[in-house]
Amino acid sequence: MHLIESIVHHAPTIAAIRRDLHAHPELCFKEVRTADVVAAKLTEWGIPIHRGLGTTGVVGIVKAGTSTRAIGLRADMDALPMQEANTFAHASVHPGKMHSCGHDGHTAMLLAAAHYLSTHRDFDGTVYLIFQPAEEGGGGAREMIKEGLFEQFPMDAVFGMHNWPGIAQGNFAVSAGPVMASSNEFKITIRGKGAHGAMPHLGLDPVPVACQMVQAFQTIVSRNLKPIDAGVISVTMIHAGEATNVIPNFCELQGTVRSFTFDVLDLLEQRMREVAQHTAAAFGVECEFEFRRNYPPTINSAPEADFARSVMTALVGAERIQTQEPTMGAEDFAYMLMAKPGCYVFLGNGDGDHRSLGHGGGPCMLHNPSYDFNDRLIPLGASYWVRLAEAWLVKAA
């Protein structure tokens, strides 16, 4: 493993920043303190900044040489609305808010890379350091793009990275094509006619209609999709009734739909709408069907994935690079990859041995109340960012 010695030397300082961010989590579009910390550090290191894209976004600009080529490196900054279970010294001081996805670590790794790039600048071109708000459901990447990210900071490609519990510390995972799914939500309201629970023939009960819909939705994936295509329909909420002896007027279903392609997503939405409407009609009730498309699928472009793999190989060796198994989780970096070539990779967060015991062993998965980012990753993640930028903006011989 060929870590950059200067980054290794400064890693404890960056880890302290990471733990400070962990202790002070902020939710999407409210990352004011976090953005202030990022902006102050970049300014301290002589890096010009731009603030305000996506409300709280920060973009650092590191230039060297005369080339007009540019690369974007992105880290997300927001936390989740969760209560932290950890009791270590840097646990969240804000009840109901927690860095349970490692965005504090992503910010720290990009800061470590920024510090090195500001003092060495062994490249020819521009590195844009994108500190993005609101990945957790707010679509901060989309908002930064809407507000001119790629017009104000024209770049040839953009790269992202996420820590991944369960992948061995020191390992990377990268692949071309879809690596994370689209995330979409639905809400179905079935309107019947309330009645006494002892006299169901006098009403139109929406509950068995909802049950029929839930069962039928599962056949869409198994019988309408090609067996080699991937899709998930999850009904996660069913709300109906207020008393045990009352047939309710309505029943509400909500959940998520995920896929790796827009063609599959179109089919899933169409069939769900048809199943809901025709099932309701068969039972003589009314149905309101709402489908909201959120994050698109995250699709790595092949040349950039190959390029990232070559940088990783030089850094850690081919034996530490895994094929990136696609996950049905979603990521708003997808919006950036729809606008620019690029690649989103996973960095192994380990098996959990970096955490204090007391909340269960093993790798606390993302969005777990006992999760904590592995600070040992800071030198590796930062070294990857630096070597990626230097290789992309290599000086002419």
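Worth pointing out:
- Within the range 160-313, the ratio Rg/Rh, alpha carbon atoms throughout and Rh by Kirkwood, equals 1.16.
- Relative packing of 214-220, 22-28, which averages over residues the other C-beta atoms within 10 Å, highest first: 22-28, 214-220
- When the Cα convex hull of the chain is projected onto planes of every orientation, the mean area is 21.7 nm².
- For the range 298-376, the relative contact order comes to 31 percent (Cα pairs under 8 Å, sequence separation of at least 6).
- Taking the alpha carbon gyration tensor of the range 68-141, multiplying each eigenvalue by 5 and rooting it gives semi-axes of 30, 15, 6 Å, largest first.
- Residues in the range 88-98 carry Karplus couplings, in order, of 6, 5, 9, 5, 4, 8, 10, x, x, 9, 7 Hz; the curve used is 6.51 cos²θ - 1.76 cosθ + 1.60 with θ = phi - 60°, and Gly or Pro positions show x.
- Its relative contact order, with pairs defined as Cα atoms under 8 Å and 6+ residues apart, puts the range 182-293 at 42 percent.
- Gyration tensor (alpha-carbon) shape descriptor, the range 1-87, a/c threshold 1.5: oblate
- Among residues other than LEU42 with Cβ under 13 Å from its Cβ, the summed charge is 0 (Lys and Arg +1, Asp and Glu -1).
- The label point for SER67 and the one for THR244, both projected 7 Å from the Cα toward the Cβ, are 7.3 nm apart.
- Database remark: amide H of PHE29 closer than 5 angstrom to the amide H of ALA134 (H placed geometrically; neighbours at sequence offset of 5 or more, or on other chains; Pro and chain starts carry no H).
- Using a Förster distance of 51 Å, the FRET efficiency for ALA339-ALA282 (Cβ separation, nearest 0.05): 0.70
- Viscosity 1.567 mPa s, 4 °C: Kirkwood-radius Stokes-Einstein D of the range 1-47 over Cα pairs, µm²/s: 106
Bear in mind these aren't lab numbers, they're just calculated from the coordinates by the rules spelled out. Just so we're clear, the structure is a prediction, and the values are computed from it rather than from any experiment. Every residue, glycine as well, gets a Cβ built from its backbone with ideal geometry; the counts of neighbours run over all protein chains shown.
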